[in-house]
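Everything below concerns the one structure shown next.
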Amino acid sequence: MPGPRTPLLRPHRYFEAHDGSPPVAHALAAVAVVTLVTAGGVAVFLGEFAAALDVPVTVDNPAYPGDPFCENTALEMTPAGCDEPATVERDLGALVAAEYGWLPGAVFLIVPLFWLLQGAALHAGSAVAGGEGAFGDTLVVAGWGLVPSLVRVGGVGALLVYRIRTTPLPGTADGAADALAAAFAGLESVGLLAAGVVAVWAGAVRLYGLAAARDLSTGEAAAVVGALTLVGLLAELF
């Protein structure tokens, strides 16, 4: 009887069926999916957030050189742009989109880097526990361990978008910012709950994967995975 196609529901059977060395290509595909979905989620949230902040805000006019130049009588010639207003009105949402538009693209670097760091941490921790095996197999385990995070990305992301769309916003920048801050209040607990669910699910995948890939007992693998998971959860709290 063939083993499961992924380790997400039956990790023990999956890694056992592949004798501790599951296909690297499948793990690469899993990491690619996590990267694409996470980048898409960030882009959607940023777009919704910027669209909600459709309010005017007064900012310094970049075309205006500034009072020290325009009002300096010692200068022989008035700099170009001094006839421009010192401040202009801009759409706050457009400013937010321009300021943070790099975030979705950064995900394509952050997720693979996080994958490599997690793989290195699992490999080093299992080495301390006496594990043996190729680093590539540990990376496969770490790659599959990222997939449960999509539950958090989807769940928390959908809740954030829902709050944005259902929150009435005043027509001022300060009022809109305060209203969104109030709408997001309390979501930290939801995020932590989602983090706990993801930690348990991903922990099971890593536990059985690490035991098979690094020739460890489930108890030894659980100690390594549990310690690293605890560090990750504490980092989120602080």
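The values are calculated or read from the model by the stated rules, or taken from the named source; none is laboratory data. Remember, it's a predicted structure, so these values are computed and weren't measured experimentally. Using ideal geometry, Cβ is built from the backbone for each residue, glycine included, and neighbour counts are taken over all protein chains shown. SASA here: full protein model, heavy atoms, side chains in, ligands and nucleic acids out. Shrake-Rupley method; radii C 1.70, N 1.55, O 1.52, S 1.80 Å.
Worth a mention:
- Taking the conditions (1) of a type in the set (Gly, Ala, Ser); (2) farther than 18 Å from LEU117 by Cα; (3) surrounded by 14 or more Cβ atoms within 10 Å (Cβ to Cβ) in turn, GLY226 satisfies each one other than (2).
- The set of residues in the range 95-107 that are exposed (fewer than 14 other Cβ atoms within 10 Å of the Cβ) and in a helix (DSSP H, G or I) comprises ALA98, GLU99, GLY105, ALA106.
- Exactly one residue among GLY186, GLY232 is under 19 Å from GLY125 (Cα atoms) and either touching a strand residue (DSSP E or B) at 6+ places or on another chain (Cβ under 9 Å) or modelled with pLDDT under 90 (or both), and that residue is GLY232.
- Of all residues in the range 123-163, those satisfying the criterion of being open to solvent by 50 Å² or more (accessible area, probe 1.4 Å) and in contact with a Phe, Trp or Tyr (Cβ under 9 Å, 6 or more places away or on another chain) are VAL151, ARG163.
- Unique residue being more than 25 Å from VAL141 (Cβ to Cβ) and open to solvent by 90 Å² or more (accessible area, probe 1.4 Å) when the list is THR87, THR78: THR78
- Against the conditions (1) open to solvent by 30 Å² or more (accessible area, probe 1.4 Å); (2) part of a helix (DSSP H, G or I); (3) modelled with pLDDT under 95, PRO112 satisfies every one except (3).
- Qualifying positions in the range 23-60 - in a strand (DSSP E or B) and without any contact (Cβ under 8 Å) to a residue 60 or more places away in the chain: THR58, VAL59, ASP60
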